[in-house]
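Here is the structure we will look at.
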Amino acid sequence: MNDSVPTYLSASIQPGNPAENTVGPICIGLLFNVLLLGILCAQTYIYTTTHNDKDRLWIAFYVYFLLLANVLHTAFIAADVYVALITHYNQPEYLSVATWLFEPADSAITGIVAGAVQLFFSWRVRTLTRNTALGIIMALISMASTVAAFAVSYVMPEAVPTTRFKYIICVWLGAACIADVMITTSLVLYLKKHKTGIEGSDALVDRVIRMSIQTGMITSICAIINLSLYLALPTGQHFIFNLALAKLYTNMLLSSLNSRAIWSKNDGMIRQSKNLSSFCIVLPDASGVNSQMGTMDGGRSGYGASSDA
């Protein structure tokens with residue numbers, strides 16, 4: 001074993017096949033990454049053709065910024081794999097090096113994307129619930145996760161298996177998971193409290209709740225598995241899930257934005273407007289008079305609030 005190999009990766013360098021537990025998981029993660037990027041591009045196309053001219057201008061720029069960040073994310077990872085396996089072919093000691101193409105770019109971009117998506121949903125929760133304190137708390141947790149991701153990108157090339165470094169990883173992924181759970185829980189509780197008892201409208205709210213839980217669970221479970229594998233195994237299996245996080249967050253956001261068209265087609269109670277609150281669910285109250293309960297906009301499930309926040 002080369003003495004210069006960092007101890008945090010030395011266990012993964014196996015005689016005869018040094019790439020199996022180092023670049024191997026990265027290659028698998030890259031495959032999922034590219035697959036999710038294709039779905040992301042399709043979702044962006046749907047957004048552009050369906051909602052781009054209806055949403056506020058900053059929402060469109062926001063979506064395209066996330067698309068660009070994800071494309072760069074995939075490009076950096078692919079370039080790192082090429083350099084490791086082709087440019088440095090038959091140089092097993094290079095497989096233990098965390099270059100700027102991979103770890104810093106991966107951690108930083110993933111942190112930016114996840115933070116941007118969570119801040120957007122935190123804003124929507126604040127707008128929907130009118131609870132500014134809750135929105136600020138979720139935003140701060142999300143920002144803590146993003147800062148920790150940048151810290152990982154800064155120290156990883158020189159990293160050793162110290163307790164402090166593991167704490168940074170735990171803050172990054174743990175805070176992201178907490179923010180996801182808080183956002184999902186807040187939306188679900190709010191929607192449950194605003195059921196009307198009318199079968200048609202409650203069925204629609206139940207669909208929104210299910211989508212909220214499903215989308216929130218995907219990113220939370222992926223982050224938990226990523227962290228668990230990192231702490232439990234000395235090899236790089238956690239990269240299989242880590243490389244998918246940025247794409248999962250962005251697809252979750254675009255799915256919620258694009259779902260507005262689905263609601264409008266499938267339910268006659270949804271009407272379209274020209275701002276961020278694109279689709280309003282109009283529910284009849286007990287006296288038979290229509291009342292606006294909420295909006296189908298940029299919420300996690302496409303469910304949000306009026307745009308006067």
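Here, each number is a calculation from the coordinates, and none is a lab measurement. None of these values were measured; they are calculated from a predicted model. When we count neighbours, we look across all protein chains shown, and the Cβ atoms used for this are built from the backbone with ideal geometry, even at glycine.
Worth pointing out:
- Charge tally for Gly135 (other residues, Cβ to Cβ under 10 Å; Lys, Arg +1; Asp, Glu -1): +3.
- Extension gain for Thr132-Tyr154 works out to 4.6 nm (0.36 nm per residue, less the C-alpha to C-alpha distance).
- Likely footprinting exposure, Asp206, Asp80, Asp53, Asp180, fewest C-beta neighbours within 10 Å first: Asp53, Asp206, Asp80, Asp180
- As a rough guide to protection, the peptides 26-37, 111-122, 233-244 ranked by mean Cβ packing within 10 Å, highest first, stand as 111-122, 233-244, 26-37.
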